[in-house]
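This report refers to the structure that appears directly beneath it.
The values are calculated or read from the model by the stated rules, or taken from the named source; none is laboratory data. None of the values given here were measured: they were computed from a predicted structure. For neighbour counting, all protein chains shown are included, and Cβ atoms are generated from backbone atoms with ideal geometry for every residue, glycine included. All accessible areas refer to the heavy atoms of the entire protein, side chains included, with ligands and DNA or RNA removed. Shrake-Rupley method; radii C 1.70, N 1.55, O 1.52, S 1.80 Å.
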Amino acid sequence: MTDRLDAFATATEMLAALRARRVSAVELLDLHRRRIDRYNPRLNAIVEPDFARARAASEAADTRLARGEGAPLLGLPLTLKESINVKGLRTTVGMPHWADFRSEHDAPVTARVRAAGAAIMAKTNVPPMLADWQAANPVHGRTNNPWDLARSPGGSTGGGAAALAAGLTPLEFGSDIGGSIRVPAAFCGVYGHRPSETALPRSGQLPMPPLPNVGVVMAVQGPLARSADDLALALDVAAGPEAGEDVAWRLVLPAARRERLADFRVAVLPPIDWAPVDAEVLAAQDALASRLGRVDCQVKMVQPEALGDHRRHYALYLTLLAAVTSARMPEEGRRQRLEVLRTRDDEWAAAQRRGIEGTAPDYIAWHGQREQYRAAWRAFFQEWDVLLVPAWLGPAFPHMDLPWPSTPASIRSTVEVNGRPVLYELGLLYAAVSTVAGQPSTAFPVGRTRAGLPIGLQAIGPYLEDRTPIRFAALVAREWGGFTRPPGYDAD
């Protein structure tokens, strides 16, 4: 029966085939397992398989489907980022001293996709401590980009994006604090949604206690897929309050603001002169803006006034990011990080040092600054529906060997943009545009470079109106095309 179903079908299409009994859940799992056996050796995207339990879940789903039962993801095989806890599976985040850690609990997102009827068949590769736009670590090795094996698939949800692009999974859940959903989606030509900061539970990652921590800001979990409609499906399954809040709180995300593309009010981020973007990415963004104008969208180059030249905004992001990530480190690790940062004398290194050395009153003050930006976004989205922004500085870059933990050499690493070296760390900037205030942002493909690499943009939307940027991305795909499979990966 699986010969009737393209392996690159969307999750939504696969679920329709399951409900129509054109394919069984076991057959669908077997299809993906055959593809993993065939293609994963070249990609190394799937690193922690769980096929035995996935088969049992698929068999149970077939029984339920035969009885006429339904559930949002009933019978769908899928994957999770390696950092998301699954009871009985390893969670190493690429760190050798956690190489044998096996979680004793399911993360909230894990529990929710199980309850929705999905079969979790594997976990996907990440960089050490999720701290790179690559997916290479000493525990699981390096993941390659399906479009060019010599290039990064992005990070930190790099294994998941590569698996989606190659047809090894129809749906993935990852996490994002520095573009870790959006950058891999752009590098691999798929879709990714960074939800509004409080739309999904944020607990259940890393080998740590399974309790929420409200002090950990900006980090979210969210879906990656081969269509925007699949992002909406996944969001409906996983969205909701954290543990303890669900006694009384319910999340009801509003419908998308617009149903027709022509009705969208589209802002485009003005150029940031000190943060260059690859010329082909900017050309693709300009081309999309022109097309939108031709279908009667209101389009203008504008941003929230408070962002200014982005320097203060970006410094606040780096400070908060350093505070959050250094809290996971032992004292020796924080000391070493500070020593490395002191080898660089620039405002961005200084912002990170503030985050590591800051006091509790400092942290409260930084949150006060953050609220000013949140207010600015609320005002901005009274006039606009989405803001178009590059997902990263450029398309997927060649693999780089970056030592962990940071060294003076690695913290000065550069990437080539328009033929010139740019500080690698500056790649955080375009992710930070939405992350500081916790805005939702949908990454979506908009074509390819002359070298054949995917180009992706992000559409930032109003807070807790996640359906608006997702709907925008869906309508763009309907009008001009969305995901295309990379060459060399058959559809069966």
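Values for this structure:
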read-out: Rounded Å value of the spacing that divides the Cα centres of region 465-480 and region 177-208; value: 18 Å
read-out: Whole-Å distance, taken between Cα centres, linking region 316-361 and region 245-310; value: 31 Å
read-out: Along principal axes, Cα extents of the chain, largest first, whole Å; value: 63, 56, 51
read-out: Accessible area in square angstrom per residue, the chain, 1.4 angstrom probe; value: 38 Å²
read-out: The chain - share of DSSP beta bridges that are antiparallel (%, nearest 5); value: 70 percent
read-out: Mean Cβ neighbour count within 10 Å, used as a protection proxy, ranking 332-344, 69-81, 196-208 highest first; value: 69-81, 196-208, 332-344
read-out: Virtual spin-label span in nm between Ile364 and Arg42, 7 Å along Cα→Cβ; value: 5.8 nm
read-out: Estimated distance in nm for a label pair at Arg335 and Ala20, the labels positioned 7 Å out from Cα along Cα-to-Cβ; value: 6.5 nm
read-out: Sequence ranges 227-237, 364-374, 23-33, ranked by mean other-Cβ count within 10 angstrom, highest first; value: 227-237, 23-33, 364-374
read-out: Cα radius of gyration and Dmax for region 106-223 (Å); value: 13.7, 39
read-out: Dipole of region 142-199 [Lys/Arg +1, Asp/Glu -1 at C-beta], most positive-end residue of Ser152, Ala165, Ile177; value: Ser152
read-out: Alpha-carbon centroid distance for the pair region 90-124 / region 140-161, whole angstrom; value: 20 Å
read-out: Net lengthening on full extension, Glu479/Asp236 (0.36 nm per residue, minus Cα-Cα); value: 85.0 nm
read-out: FRET efficiency, 1/(1 + (r/R0)^6) with R0 60 Å, evaluated for Thr63 and Ala409 via beta carbons; value: 0.60
read-out: Dipole magnitude of the chain about its Cα centre (Cβ charges: Lys, Arg +1; Asp, Glu -1), debye to nearest 20; value: 420 debye
read-out: Within the accessible area of region 387-492 (1.4 Å probe), percent carbon and sulfur; value: 50 percent
read-out: Sulfur and carbon atoms: percent of accessible area, region 32-141 [1.4 Å]; value: 51 percent
read-out: For region 274-427: rounded, prolate or oblate by the Cα gyration tensor [a/c cutoff 1.5]; value: oblate
read-out: Segments 139-148, 172-181, 345-354, 110-119 sorted - mean Cβ within 10 Å per residue, highest first; value: 172-181, 139-148, 110-119, 345-354
read-out: 222 nm mean residue ellipticity, helices alone, for the chain (DSSP H n ≥ 4; -39,500 (n - 2.57); rounded to 500); value: -11500 deg cm²/dmol
read-out: Proximal aspartates and glutamates relative to Lys300, as straight alpha-carbon distance under 16 Å, when same-chain residues fewer than 8 apart are discounted; value: Asp263, Asp286, Glu383, Asp385
read-out: Cβ-Cβ FRET estimate between Lys87 and Ala150, R0 fixed at 30 Å, reported to 0.05; value: 0.25
read-out: Sulfur and carbon atoms: percent of accessible area, region 300-360 [1.4 Å]; value: 50 percent
read-out: Stretch gain in nm, segment Val295-Arg311, where the contour uses 0.36 nm per residue and the Cα spacing is subtracted; value: 2.3 nm
read-out: Cα→Cβ-extended label distance, 7 Å offset, between His105 and Ala375, nm; value: 3.7 nm
